[in-house]
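The values are calculated or read from the model by the stated rules, or taken from the named source; none is laboratory data. Everything numeric in this text was worked out from a predicted model, so none of it was measured. Quick reminder, even Gly has a Cβ in these numbers, built from the backbone with ideal geometry, and neighbours come from all protein chains shown. Heads up: the accessible areas ignore ligands, DNA and RNA and are worked out on the full protein's heavy atoms, side chains in. Shrake-Rupley method; radii C 1.70, N 1.55, O 1.52, S 1.80 Å.
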Amino acid sequence: MESDFSPGGGGGGGASVSVVDPDFGFAFNDSNFSDRVLRIEIIPDLPESKSDSDACSSIADWARNRKRRREDIKKENGVDVVQQQEQVLNCNIPDTEDGVAYENQDEEAMAMIEEPPSDDGFNLNQTADDDDDDGHVHFSSRNMDCSTVLRVRNIHISSPILAAKSPFFYKLFSNGMRESEQRHVILRIHASEEAALLDLLHFMYSNALSTTTPTALLDVLMAADKFEVASCMRYCSRLLRNLPMTLDSALLYLDLPSSVLMADAVQALTDAAKQFLAARYKDITKFPEEVLSLPLAGIEAVLSSDDLQVASEDAVYDFVLKWARNHYPKLEERREVLASRLGRLIRFPYMTCRKLKKVLICNDFEPELASKVVLEALFFKAETPYRQRTLAAEEANATCRRFVERAYKYRPVKVVEFELPRQQCVVYLDLKREECAHLFPAGRVYSQAFHLGGQGFFLSAHCNMDQQSSFHCFGLFLGMQEKGSVSFAVDYEFAARTKPNEEYMSKYKGNYTFTGGKAVGYRNLFAIPWPAFMADDSAYFIKGILHLRAELTIRQ
């Protein structure tokens, strides 16, 4: 284990030195190695809260139990911190409460001193109550019910050991106030937190946990977050990652409280959960209803993946709208989640211009947001391929990867349309070398649809057999989407960039009267066998990219 916090170094800044934390397990709850006493007061849980995480037989049970308590925890998320001026109790005296002796002195015990974040409505700098008649100084959470104490534990602690592992304890024992010099600390916790806090305190001494069940590890992780014990959070995260990932566990890890999710120590666990969901729903068309039922955190993980196998980004946009309308029927809420969470996961630059026009008039998006994303997409489409690749590379490690292309089933194209002097369009299709390699021996890849004269067309690249020479070769075809009995007479020309001048050179010209579902093209576009086309010295791959161009003109 590595030390996570160095009081002497201010807990941050400066060069960090990796050191192996010593094992102080022998000193746990031993008065000979302790300078303070923790008095742990355990109070009842709120209604419907379970007092023992072992009662949760699965991750799903733990999540349901935790969700029931979440609102209560937000209100009650604190424990009383009471400083006493009494002397350290004799370690041979058993803990008692209402005359009942606790004889198991070897049982692992731990106290929870909680310093909740300010956004949970708690402030450790609360005004202390006046000293009572027996010299106690009480620090009480307003919402905590102090009426009933179920049991009490007295535990001997070493303040240097706790302070070295936790910024919270370091501040508690060194704040310069009178209570920081006192030798007794009274802490109040809920019964459901007891087991996890006992494990956490023992970990701070020994750097190890005895528990291995997912639910117990999650409870310890939550306690470690409250105490700012980063080493324990990292330890729990690693153990949880080593357990088999399930849909329930992955969704739970992404739905932990924000303070836990933001911790660097838990990042690897949440990344693993996102990767699990992205791999499980790589092809969302196979599980449409299941994916539509995912919660927000789950759908974000799926849509963040570059490997999402969808027909096009248009399909992603349609899916996001359907999911948002199902989960957020109120327009105001739907607009908010699209603006703050889901909209940034749609890669608008790879949507077709026809779909981008629909974005501008879509009521689900705020007009300002719709205009912004559409303009950004159009500017990206107008960039040179080199500049587009540069923008994508700059976002390689970003959470919002709007310029990074996914593994679309239909390859994106760049289209330039002309109305005069004749209806014409120029279509640019780029294919990576590895995409072409995957076509062998009989594969094909389709482009996204583009439109001319109100009719949809597409390009398809093939690896096929040359009919005359009987060898594999690269072919390019032009097809019209099936739509009624409409027919179009089209002149077309295929071209490709070619070394050494890297200019587009015409490879094939033709004309064809299209009807719905028909395609035409050339089986051996470059008039060479497949191995020569794919060779390292091929004249058609420029920095690993095959640049194709098709010009279509409607014949009068």
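Please compute the length gained on full extension between K322 and E395, using 0.36 nm multiplied by the number of residues separating them and subtracting their Cα-Cα distance.
23.6 nm
I'd like the Karplus ³J(HN,Hα) series for region 417-428: coefficients 6.51, -1.76, 1.60, θ = phi - 60°, whole numbers in Hz, and an x wherever there's a Gly or Pro.
Karplus values, whole Hz, x for Gly and Pro: 10, 10, 9, 10, x, 9, 5, 8, 9, 10, 10, 10.
What is the set of long-range amide H partners of V413 at a cut-off below 5 Å, with H atoms built 1.01 Å from backbone N?
Residues meeting the criterion, in which the H sits 1.01 Å from N, are Q448.
For T515 and K543, compute 0.36 nm times the residue count separating them, minus their Cα-Cα distance, and round to one decimal in nm.
Numbers: separation 28, 0.36 × 28 = 10.08 nm, distance 3.75 nm.
That works out to 6.3 nm of additional length.
Return the carbon/sulfur percentage of the accessible area of region 173-244, one whole number, probe 1.4 Å, all protein chains in place.
Result for region 173-244: 53 percent of the exposed heavy-atom area is carbon or sulfur.
List, largest first, the extents of the alpha carbons of region 279-331 along their principal axes, each in whole Å.
31, 20, 18
Send over the Kirkwood Rh of region 191-235, from the inverse of the averaged 1/r over different Cα pairs, rounded to one decimal Å.
Answer for region 191-235: a Kirkwood hydrodynamic radius of 10.1 Å.
Taking θ = phi - 60°, what integer Hz values does the Karplus form 6.51 cos²θ - 1.76 cosθ + 1.60 yield along region 364-376, in sequence order, with x for Gly and Pro?
Values per residue, Gly and Pro as x: 6, 9, 4, x, 5, 5, 4, 4, 4, 5, 5, 4, 4 Hz.
State the percentage of accessible surface on region 267-365 attributable to carbon and sulfur atoms; use a 1.4 Å probe and exclude ligands, DNA and RNA.
Answer for region 267-365: carbon and sulfur cover 51 percent of the accessible area.
In angstroms, what radius of gyration and Dmax does region 344-487 have, counting Cα atoms only?
Final numbers for Rg and Dmax: 17.7, 59 Å.
Of the listed peptides 464-475, 259-270, 161-172, what is their order by residue-averaged count of other C-beta atoms within 10 Å, with the highest listed first?
Working: 464-475: 15.9, 259-270: 17.7, 161-172: 21.6.
Highest-to-lowest ranking by the protection proxy: 161-172, 259-270, 464-475.
Calculate, in nm to one decimal, what H451 and S469 gain on full extension: separation in residues at 0.36 nm each, minus their alpha carbon distance.
3.0 nm
For A263, enumerate residues with amide H under 5 Å from its amide H, sequence gap 5+ or separate chain, H modeled in the peptide plane.
Result for A263 returns nothing.
Percent of accessible area on region 478-551 owned by carbon and sulfur, 1.4 Å probe?
46 percent
Given the Cα atoms of region 457-524, and with Rh set as the inverse mean 1/r over their pairs in the Kirkwood sense, what is Rg to Rh to two decimals?
The Rg/Rh ratio comes out at 1.04.
Principal axis lengths of region 442-488 from Cα atoms, whole Å, largest first?
Per principal axis, max minus min of the Cα coordinates gives 38, 19, 14 Å.
Could you report region 405-458's accessible area per residue, 1.4 Å probe, as an integer in Å²?
On the way: 2790 Å² over 54 residues.
Here the residues of region 405-458 average 52 Å² of exposed surface.
For region 433-555, evaluate the Debye formula with one uniform point scatterer on each Cα (no solvent term) and list log10 I(q)/I(0) at q = 0.15, 0.18 Å⁻¹, rounded to two decimals.
-0.70, -0.97
At each listed q (0.12, 0.24 Å⁻¹), what is the log10 of I(q)/I(0) that the Debye formula gives for region 147-228 modelled as equal alpha-carbon point scatterers?
Scattering profile of region 147-228, log10 relative to I(0): -0.39, -1.32.
What translational D, rounded to a whole number of µm²/s, comes out for region 287-374 from Stokes-Einstein when the hydrodynamic radius is the Kirkwood one over Cα pairs, at 4 °C and 1.567 mPa s?
D, rounded to a whole number, is 98 µm²/s.
When only alpha-carbon atoms count, how far does region 173-316 stretch along each of its three principal axes, as whole angstroms with the largest first?
67, 31, 24
Per residue, how much accessible area does region 304-400 have with a 1.4 Å probe, in Å²?
Each residue of region 304-400 exposes 54 Å² on average to a 1.4 Å probe.
Within the P(r) computed for region 499-556, what percentage of the Cα pairs occupies the region above 12 Å? List each step's numbers first, then the result.
Numbers: 1243 of 1653 pairs.
Percentage above 12 Å: 75.
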